[in-house]
1. Return the sequence-ordered ³J(HN,Hα) values of the stretch 34-48 in whole Hz as given by the Karplus equation 6.51 cos²θ - 1.76 cosθ + 1.60 applied to θ = phi - 60°, using x for Gly and Pro.
2. Heavy-atom accessible area of LYS21 with all protein chains present, probe 1.4 Å, nearest 10 Å²?
3. Ordering GLU50, GLU38 from largest to smallest accessible area (1.4 angstrom probe), what's the sequence?
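The values are calculated or read from the model by the stated rules, or taken from the named source; none is laboratory data. Every value quoted in this text rests on a predicted model; they were computed, and no experiment measured them. We work out accessible area using only protein heavy atoms, side chains counted, and drop any ligands, DNA or RNA first. Shrake-Rupley method; radii C 1.70, N 1.55, O 1.52, S 1.80 Å.
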Amino acid sequence: MVTAVPASPSSQLCAAGTSLKSLPAVVNDRFFILDYNEGISGPRNIGGLEKFAKYLRAVRP
C-alpha cells in the first residue's frame, strides 16, 4: 500500500506561484516525493519509476 505524504514545503511554494496554485496537485496537496537519486539517470531510476507507478495506481479514481 502506498500512502501520500503531504509535501507542505513543496505545496506552499507552488501555492505562492499564481500560475501553479490552481493545479489539482496543489489544491488537493497531492505530491509524490521522489528521492533525488531515484530521479536521475542510473540504476535507482527504475526503482523510482516503479514507486511512482505504484503511487499512481493507488490514487487513480
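1. Each residue of the stretch 34-48 in turn: 10, 4, 3, 5, 7, x, 9, 4, x, x, 6, 4, 5, x, x Hz.
2. 110
3. GLU50, GLU38
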